[in-house]
Amino acid sequence: MWPFTRESALERKLVQFYAGMIETCGNPTGDAKRTARELLALAKKQARSDPDLPPNFADLLLEREVTDDSTRQMLAKKRAEGVTDADIKWWWGLDKLERRLLILVDDWCRLAAYKKDRAEGLSEEQAVAQLRKSFPIFGDPDDTENVKGDDRALPFELKERVNLWAEKGLLDESSGTAARLRSAGSMNALIRNEIRAGRL
């Protein structure tokens, strides 16, 4: 059973790391560590209902893909979105607490950006459009209730690869990534195009 201690070494490490991410999102409270601890507490509550997975779960998943139809079908959807073995190993190699916290920090950063845009006078529609253009959105690609086509959510497994690509490509004007983003409908649409083109 995963130990929900007062503050383990893992939790201290997560608070330190994600406080830095929260700081770059423009933490309105000015106390990124406090925000990180609040999100950590929520992640711990959510993670209690998650199954305890063996440390080699990703390897087991990839082995099962060969022999088990349901696993093959589930991973086929992810592979159609560009997910690789390395992406699967990264996401499922994280502790379940960190997976939950990563999702919460992502949501928090998007909400902070949305509130900032609204405070600066953008309409709700404009702020949402700006959000979709500025941030990759991860979740269930099969959920098309609000967003369809290439704007749909990306699988969580792609997150690390997308982050590394964004850090390099969006800051380097010579790569052409920033120009392609300006003409794309959303960050997710650009990412899907980059994957298809073999640039990501």
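No value in this document is a laboratory result; all are computed from the given coordinates. Quantities reported herein were computed from a predicted structural model and do not represent experimental measurements. Cβ placement follows ideal geometry from the backbone for every residue including glycine, while neighbour counts extend to all protein chains displayed.
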Extension gain from F17 to L94, taking 0.36 nm per residue of separation minus the Cα-Cα distance: 26.3 nm
Lys, Arg +1 and Asp, Glu -1 on Cβ, resulting dipole of the chain about Cα centre, debye, nearest 20: 360
Flagged links, alpha-carbon separation over 21 Å, of K13/K44; K89/K159; K96/K159; K45/K77; K13/K133: K45/K77; K13/K133
Residue order, fewest to most surrounding Cβ atoms within 10 angstrom, among M21, M187: M21, M187
Computed E for R34/K116 - FRET, C-beta separation, R0 22 angstrom, nearest 0.05: 0.70
Mean Cβ neighbour count within 10 Å, used as a protection proxy, ranking 107-117, 42-52 highest first: 107-117, 42-52
Separation of alpha-carbon centers, segment 82-116 and segment 179-200, rounded to whole Å: 20
Cβ-Cβ FRET estimate between D140 and A9, R0 fixed at 30 Å, reported to 0.05: 0.40
Projected label distance in nm at A197 and L164, using a 7 Å step from Cα toward the beta-carbon: 2.0
Residue-averaged [θ]222 nm for the chain, counting only DSSP H segments that reach four residues, each worth -39500 (n - 2.57): -20000 deg cm²/dmol
Label-to-label distance, nm, for residues given as D59 and Q126 (7 Å Cα→Cβ offset): 5.4
Least to most buried among S8, S123, S186 (fewest other Cβ within 10 Å first): S123, S8, S186
